[in-house]
Every structure is written in C-alpha cells, then in structure tokens.
Amino acid sequence: MSYSKVQPLSVENPLIRLTHTLILTLILLFFFASISSGASISDLAANPYAFNSFADNTNITYTLTDVTGARVMLKLLDSGGNPVKTVDAGLQNSGFNAIAWDGSAESGLPVPEGIYGALLSVSTTGADTYRFALKWGSYGTGNGQFNGPFDATVDSSGNVYVIDFFNNRVEKFDSNGGFITKWGVYGLGSGQLYFPRGIAVDSSGNVYVVDSYRVQKFTSDGRFITTWGGLGYHSGLFIFPYRVAVDPSGNVYVTDRYAHRVFKFTSDGRLITKWGSYGTGSGQFNHPTGITVDSSGNVYVTDYFNHRVQKFDSNGRFIMRLGSFGTGDGQFHYPTAVTADSSGSVYVSDATNYIYERYEHRIQKFTPDGRFITKWGSTGSGNGQFKGPYGIAVDSSGYVYVSDYNNNRVQKFSPPGTTVSATTSVLVDNTPPQVSINTPADGAVYILNQNVLANWSASDLLSGMASAAGSVKSGEAIDTSFAGTKGVSVTATDNAGNQTTKTVIYYVRYGYSGILPPINPDGTSVFKLGRTVPVKFRLTDFSGGYISTAAARLYLAKVVDGVVGSEIEAASAGGANTGNYFRYDTTGNQYIFNLDTKDLSAGEWQLRISLDDGTSKYVAMTLR
C-alpha cells in the first residue's frame, strides 16, 4: 500500500500565505490583552486540528491555572481576524477543559473551508468577579500589624493608608502591602489620634483623618497641617464624626453619625453646607456611616440602620437611594462603608455586626444608577472572607482593598474584566481526499495468470492524509488466478475525517485459440444435414499453458435473411457430451463438442460458445 501525503507548503502556496496572515493578525489584535495576575492558559489546541464540519465537531482543549468561576469565551476568526462565531463556555475553574465548535458561523450556516483562528479568553467577570490577590497584616503593634483596621484609602500613586483603630495610628503601605511609614499616638493633641475612624486622601496627597470630635489634615508622610471641629450641635461642630471623603475639587465631606447629618467643608475646614436629619425619608438618616464622592462630584452615604445608600449632588440635594433590608443581591444588612471607582461604579460593604456571623460579610458592586452588578465575600477568615469589612478603597487600576476589622488584615482583590488570552488555529475541511487508481484501469481485460501490478495513490490538499488502504497494495500483483469479474477498492481518510472509497472493475479472461477445423473461423463451412460436426477450440493462460478446467457450453440459432433467431441448446451425437457442455480432450489439449445435426434444418446457423470467464465466441456454418 502507498499513498501520497501533502508535502510541506511552500511560501508560494496560498494556504501558507493565509496561515501567515492569520497568525500576524491574531498577534496584532491581542498583543495588548491584559493579563490577570497569576492566571494562565496552557495546552491550548484544537482536537482534532482539522475536522469535517458536516460530520463532527472539533474540541478546543486547554488547561486553566489560577482561575475560579471565570468567564470563558471562544471566538473563531477568519483569515482577516474577523469574528465568525462566538461560543460562550460559561464559568469554569482551573483544570483541563474543552469547548466544541461545529464549524458553523453565527448564522448557523457552515463556514467556508480554510484555516480559522481560535481565540480563547478567560475573564474574571464571572460569579466570582473579584478574585483574591493578596493580604497583609496580623494582630499586634508592630509595623504592618493591626489592632482593628477600621478604614482605608488609596492615593493617586497606589499607596494604601489604613486606620489602625485601637493602636491609634495611621499606617501607610505600597499596593502590595509593603510597609512605608506610620504616624499617630494616643491623645487629643494636634497630630495625636484618639480612636480614629475615617480616612481620605486628596489629589495633592494630603491625608484627612476623623477622630474624637474633629478632622485632622496631614501630609502624605504624616506631618500635621491643621485641624477643625469640636463637640457640639452648632455649625462645624460634631457629635460623633465617623467617616471622611474628598471630592475632585478638594472639598471635604464628613458624616456625623449620631447627629444624622453630613457636613461639607473647604480643604482648610471652613463650613460650606450641611444636610440631613433623623428619619427614614429621602435625605434623612438613621446613623450615616460611610461616605464617598465620585469623579462627577456625586456624594454617596451609607445609611446604617435604614439599610440603604443615598446619593446626593455636591450640595446635598437628594438624587436617589439604592438597597433595602435583606441579604439578597442589592440588599443590605447594616451597610458600613462605601467607595466609588473612576468609572462611577459604587462599592458597598455589607458588614453587619461581626458577632452576627450568620449573616454574610460581603462587598457589593453597583452601577452609578444603583443597579446591582456583582458581589463577593462571606463570613470567615479564609482568603476572600471577612469579619467586619469596615473600609473599602479602589485604586486607579480597579484593584479593591478591604480593611478586614476583626481579622486584623487588609485584603486586595483583582478587578473584573482582567483577562488572559491565547490563540491556536483550526482547519475546516469538508472535502474528501482524492483517490486515483491507474492500474487496473476501470473495465480493463487481462488474461488468466497475467502478472499485473496495482498502481494507485491518495492525496488531500487541505488537511492531508491520515490513512489509505486498498484491497491490494499499490505495487503488488492484482488477482488474475481465475477467470471472471473482479475489482480493486481503495479507501482513503484525511486528517479531517473525510473519507473516500473508489472501486474499479476489471476482467480476467482465457486466451482463446479461435474455432478449430473442421469448422472454418470465417463462417464458410458447409456440412451435410444429419452429419456429426466436431466443434473444437483451445484455451490458454497468459504464458500459453493449456487450460483444462474451464466450463463451456454450446448454443445454436437459425439465421434467416440475416436475422438471428432464438437460441436452442446444442445436442450431442452419441452422448459424447453431457448436456450442451464441451468436454476436454487431453490428447489434443482442446475442448470438443460433437454436434448432432440430424434434428436441425437446412440453412445457415450461428454457433455461440459460452465460456465461464463471461465471454461468448461466435462462428457460422451452413447445413445442406
């Protein structure tokens, strides 16, 4: 057996040029894809690489690492990098996975044959949208340790500031939790801290801290700048200031929890306005706690005992509320802290009181108009779990930092939409391979025992050959050992699973000597009616050896005015032959039939010798 495989494609071949174009396009399209921390795709391949889209699918197989509940999307791209089909594989975890493609486009119709790029993208926008990235901190008084981390904020350089409540200080870290500096000691003097509760940083790096009945302002390295406030109900005085926020213009907002109101100040502490009163109506509060200002100047306040967040403009005019009491998506059970990212999305900590661990401690994310987006977290001390997520901060890259109060640590979470992408290619081949059978030719006639070598080949221009097998191997002798009708079949399968079977028919015949005397082969023989006429011939194989085992029969038909009548079986004189069969005469190595003509009529007769190789031999004679 032999078959021709597709040779390596030259650079002049259109298919290889298409492949090069596709690869270059994929590189250009996805070179800038963002890579999520730690996540990776390996073992990406199309199995099989080539497939028949009418008969089967191809499985895009791959291994994911360091992903949990991640959204996996497969895009099939044509040679120009244009998407032809998107397959949403849903949420998947680390491990070996597969996605099937049936070769159809978005329309459901099969795509044209050719090479397609398979772009696999893994995004953390699934159920576990925000993935745990890292944590730092433990209980204690040393650098980087905490005793009740109560609030957190992030500056424009990505540095993280954390309120260390019971240690009466502020600690500053880089974005990976590396300790930078700290400031504050217990006390009510300038620069001292008395159970600090809230912290914010402005665009210039100035840090604002709420403690006791005041707001203190520091440089980014902790040097005291100024302070304002005091105990009282009058303008600019506080009953229990809780959290602080700074807007893009540098104005400072403070929630006064027990007075149920919000203050707005200039950056040096001059009162601009205030709003709020006790109640459940719009713009009223029942212990406002967290506060943040988005990039458009909108102010969000967590309304603790009303289990909601209220949104205001920069002057305190009520815009909307979001949330209600409960533990479902978009509901709150004592919301504590709130922050907003650069796109206006709002994050709320649903902290509860830490002793009520039957309720989930979690972070929820909303659109600016209050629609629920996602959530993460549960009660506990494991990675991604919380016991009192009292402070939230988001950096410019979308990473979220949570001060985990009763676990004495800060946790960092990777933002949604970070993806890892990888590409492979797949060939759609719906065309069966080509099979050529040169020898034997279809309908060829060979003589018994003639030595004829088979010659055939199989090829495929798209996916290449997987296998080809014939009833006889190419280069080996075909069967001519006995007379009759025979065939050679070849079945070829390409790498896409397309299959072709081709069959040719050939014939094996005897070597025929022609009619022997006394009958003339030219039909001029004339015999007397009633005479016994010996009908004789010899059969040989390809090398001239006599054939003695053939079966031959004799039939007669009267010819009148050139028209051949119906055949009758020949009769033998003196029982020399059995029925109308010839006998083999070993003396003359010939077949003989002693034809009895006594029951025939005068005139022209056609004699037909029927051989078991499927042929008939004809001769004419005349009886008078």
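At-a-glance table
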quantity	calculated
Strands (runs of 3 or more DSSP E) wholly inside the stretch 558-624 that include at least 3 residues being in contact (Cβ under 8 Å) with a residue 12 or more places away in the chain	563-569, 590-596, 603-611, 616-623
Single residue of the stretch 179-220 satisfying the filter (part of a loop (DSSP other than H, G, I, E, B) and charged (D, E, K, R)) that is surrounded by the fewest Cβ atoms within 10 Å (Cβ to Cβ)	Asp202
The stretch 162-178: number of residues that are assigned to a loop (DSSP other than H, G, I, E, B) and either among the basic types (Lys, Arg) or under 19 Å from Thr141 (Cβ atoms) (or both)	6
The stretch 277-319, residues that are part of a strand (DSSP E or B), open to solvent by 20 Å² or more (accessible area, probe 1.4 Å) and of a type in the set (D, E, K, R)	Lys311
Candidate set: the stretch 231-276, residues that are among the polar types (S, T, N, Q) and either in contact with a Ser or Thr (Cβ under 7 Å, 6 or more places away or on another chain) or open to solvent by less than 50 Å² (accessible area, probe 1.4 Å) (or both); chosen: the one nearest to Val309 (Cα to Cα)	Thr255
Residues (among the β-branched types (Val, Ile, Thr), farther than 18 Å from Leu91 by Cα and modelled with pLDDT of 90 or more) located in the stretch 14-68	Thr58
Close pairs from the stretch 257-282: first on the phi < 0 side of the Ramachandran plot, partner open to solvent by 40 Å² or more (accessible area, probe 1.4 Å) and at pLDDT below 95, Cβ under 7 Å, at least 6 apart	Ala259/Tyr233; Leu271/Ser235; Lys274/Ser235
Qualifying residues in the stretch 70-83 (those that are aliphatic (A, V, I, L, M) and surrounded by 20 or more Cβ atoms within 10 Å (Cβ to Cβ)) - the one farthest from the chain's Cα centre (by Cα)	Ala70
Residue selected from the stretch 454-478 under the condition charged (D, E, K, R) and exposed (fewer than 15 other Cβ atoms within 10 Å of the Cβ), by the criterion nearest to Tyr116 (Cα to Cα)	Lys473
Pairs where the first residue, in the stretch 357-377, is surrounded by fewer than 21 Cβ atoms within 10 Å (Cβ to Cβ) and aromatic (Phe, Trp, Tyr) and the second is in a strand (DSSP E or B) and modelled with pLDDT under 90, C-beta under 9 Å, 6+ apart	Tyr359/Asp350
Any chance Thr86 is assigned to a strand (DSSP E or B), hydroxyl-bearing (Ser, Thr, Tyr), surrounded by fewer than 16 Cβ atoms within 10 Å (Cβ to Cβ) and at pLDDT below 95	yes
Residue list for the stretch 385-419, filter: in contact with an Asp or Glu (Cβ under 8 Å, 6 or more places away or on another chain) and either of a type outside the set (A, V, I, L, M) or open to solvent by less than 20 Å² (accessible area, probe 1.4 Å) (or both)	Phe386, Lys387, Gly388, Pro389, Tyr390, Gly391, Gly398, Tyr401, Ser403, Val410, Gln411
Boolean, Thr501 is surrounded by fewer than 17 Cβ atoms within 10 Å (Cβ to Cβ) and out of contact with any Phe, Trp or Tyr (no Cβ under 8 Å at 6 or more places or on another chain)	yes
Tally, over the stretch 94-104, of residues that are open to solvent by 20 Å² or more (accessible area, probe 1.4 Å) and either under 13 Å from the mean Cα position of the chain (by Cα) or modelled with pLDDT of 95 or more (or both)	5
Subset of the stretch 595-609 that is open to solvent by 30 Å² or more (accessible area, probe 1.4 Å) and under 18 Å from Ser572 (Cβ atoms) - its residue that is farthest from the chain's Cα centre (by Cα)	Lys598
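Rundown of residues vs (1) in a strand (DSSP E or B); (2) over 49 Å from the mean Cα position of the chain (by Cα), yes/no style:
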site	(1), (2)
Asn451	no, yes
Leu461	no, no
Ala469	yes, no
Val472	no, no
Thr480	no, yes
Val488	yes, no
Gly530	no, yes
Val533	yes, yes
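The values are calculated or read from the model by the stated rules, or taken from the named source; none is laboratory data. Remember, it's a predicted structure, so these values are computed and weren't measured experimentally. Cβ sites come from the backbone with ideal geometry, for glycine too, and all protein chains shown count toward neighbours. Areas reflect the complete protein model, heavy atoms only, side chains present, ligands, DNA and RNA absent. Shrake-Rupley method; radii C 1.70, N 1.55, O 1.52, S 1.80 Å.
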